[in-house]
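The values are calculated or read from the model by the stated rules, or taken from the named source; none is laboratory data. These numbers come from a predicted model, not from an experiment. No Cβ is skipped: glycine too gets one built from the backbone with ideal geometry, and neighbour counts run over all protein chains shown.
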Amino acid sequence: MAGVKDRTYIITGASKGFGLAIAKNLAENGAKVGLISRSQQALDKALEDFGAGQAIGVAADVGIRADISAALATIKAHFGRLDGVVNNAGMATPNAIENLVEAEVLQQIQTNFLGTVFCSQAAIPLLRGGENPRIVNISSASAWHYDEMSHLSIYAATKAAVERFTRDLRLEVQADGIGVTCVRPGGAWTSFADGWDTTALESALASWKHAGSFMDTGMDVAHVGEAVRYALAQPQGVAVDLLEIRPNTPTSKSMF
């Protein structure tokens, strides 16, 4: 394994959840990390968990190409190098398909899919010519598995689009020596559902419970951080194509 020590990585959606866990894992293993999120306040709080000189936080909206291009360039200039980008930023708004709200649909597409596209575009010229450069795109088990949370059709569809986009990205940047990986996490305890509409969430939970009595639990955000580091640490010329990590302990849904 090539490892991540003394290398620099950028993680989007890094102020909490999977993104922050990924950034912490990389920093704990000797890497420098650039954290990107829409809220500078949230980033400043997240940066308290890192040592001096280990991390920098830059506020940007991944769904705006000019914003994310500037943020990536700022972080590379700060550290003097860039070895990889992890496209983790994502959001969901639960609702039955019949009741989908146009603005919420567009926001999910803009963040989850177009954000990955724009960040990948910005990353390619910054990574080209580097030593073992990497792009990791974060998908979701919701894109393929029916036993995930109900009423997340748009979120799941955008993550499926991310996976298809990643296949072409992988082929197009092989000549530049850039390794591309799709990581597909299952459910873990995070603050991902914070701010969801209560009525829509209750409806989604009812539909989810109706689909079966049990779910898989037992995964923490730290497990996703470890999976991403594994992908980034592969030697030059080797890339993990698709890595799915899911909880594996059956638990009754009655706890919800």
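Details
- Screening I97, I64 for residues that are under 21 Å from L127 (Cβ atoms), out of contact with any strand residue (DSSP E or B) (no Cβ under 8 Å at 6 or more places or on another chain) and not small (G, A, S) leaves exactly one candidate, I64.
- Residue check, F18 buried (at least 17 other Cβ atoms within 10 Å of the Cβ), within 18 Å of the chain's Cα centre (by Cα) and touching a residue at least 60 places away in the same chain (Cβ under 8 Å): yes
- Any chance A21 is of a type in the set (A, V, I, L, M) and over 25 Å from A92 (Cα atoms): no
- Residue match in region 158-181 (condition: small (G, A, S), in contact with a helix residue (DSSP H, G or I) (Cβ under 7 Å, 6 or more places away or on another chain) and touching a residue at least 60 places away in the same chain (Cβ under 8 Å)): no
- 1 or more residues hydroxyl-bearing (S, T, Y) and modelled with pLDDT of 75 or more: qualifying strands (runs of 3 or more DSSP E) within region 160-256: 179-185
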